[in-house]
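Everything on this sheet refers to the single structure shown next.
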Amino acid sequence: MAAMKEVGHMCELLKVNGVVKDRAMEIYKEVVEAKSLKGRSVKALAASCLFWACRQEKQARTFKEIVAVLGNDVSKKEIGRCFKDLQQIKKDELQKQGASADALASTMNQTVQHPAEFVRNYCNQLRLEFKCKKLAEEIAQNAKPADRRVPWDGRTPTSIASAIVFIAMVLWEVRMRGKSAMHEGAERDPVYPPGNPDVL
């Protein structure tokens, strides 16, 4: 199927793992079988399914990133509309099944993005050292609200993620400079154990 190939191709370009790819294909299959989004372009539907799968599997990507790998075939606006339709369809299905308010909220909150989900991707793109990347992830995890429904002071997740990565890079640079200074100082002024003639 063309859509499946499209999803696979986008996953490869976006460098997301097989779990995301499989989830995107599952979502696409569910939508097609339900005949819920007739009339939508294959690429727009495939892109919106992948966008949702990335969020569910905590490997968030932006509409902008997805549009970039699609070229000029599909607009950001078209993917956004398709994604909103997917959300509404899923919500309607859960309500028909008599899902509890908590179950409904939990499912819909899977589509809420948090900066922490972008931090790892940004660190990989910048090819940061492993320890610096871990520092950025720790900052993001400790800073984010425990409740996924709580907004981050109205800022976009990507802006906050960028700030977190920048802070981590600055802290890491300060730490490395401190270690370097200590090392240089030790070389200039070696400290010998008192009363040990063997080192003199």
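The values are calculated or read from the model by the stated rules, or taken from the named source; none is laboratory data. In this text the structure is predicted, and so the values were computed from the model without any measurement. A quick note on method: Cβ atoms are made from the backbone with ideal geometry, for glycine too, and the neighbour counts reach across all protein chains shown.
Quick one: would you say Asn142 is at pLDDT below 75 and not hydrophobic (A, V, I, L, M, F, W, C)?
No: the conditions fail for Asn142.
Within the group Lys77, Lys91, Lys84, Lys64, which residue is within 24 Å of Ala161 (Cβ to Cβ) and touching a residue at least 12 places away in the same chain (Cβ under 8 Å)?
Lys64
Kindly establish whether Met108 is part of a helix (DSSP H, G or I) and at pLDDT below 85.
When the stated conditions are applied, Met108 passes them.
Within region 37-75, can you find the residues that are among the polar types (S, T, N, Q), part of a loop (DSSP other than H, G, I, E, B) and within 21 Å of Cys123 (Cα to Cα)?
Result: Gln59, Thr62.
Just name the residue that is farthest from Lys90 (Cα to Cα) out of those in region 4-41 that are surrounded by 13 or more Cβ atoms within 10 Å (Cβ to Cβ) and among the small types (Gly, Ala, Ser).
Gly8
Residue pairs, Cβ under 7 Å, 6 or more apart or interchain, first in region 114-140 and touching a residue at least 12 places away in the same chain (Cβ under 8 Å) and within 11 Å of Ser162 (Cα to Cα), second of a type in the set (Ser, Thr, Tyr) and surrounded by fewer than 19 Cβ atoms within 10 Å (Cβ to Cβ). List them.
Going by the 7 Å Cβ cut-off, the qualifying pairs are Phe118/Thr158; Tyr122/Ser162.
Select, from Val119, Val174, Val165, the only residue that is assigned to a helix (DSSP H, G or I), modelled with pLDDT of 55 or more and touching an Asp or Glu at 6+ places or on another chain (Cβ under 7 Å).
Val119
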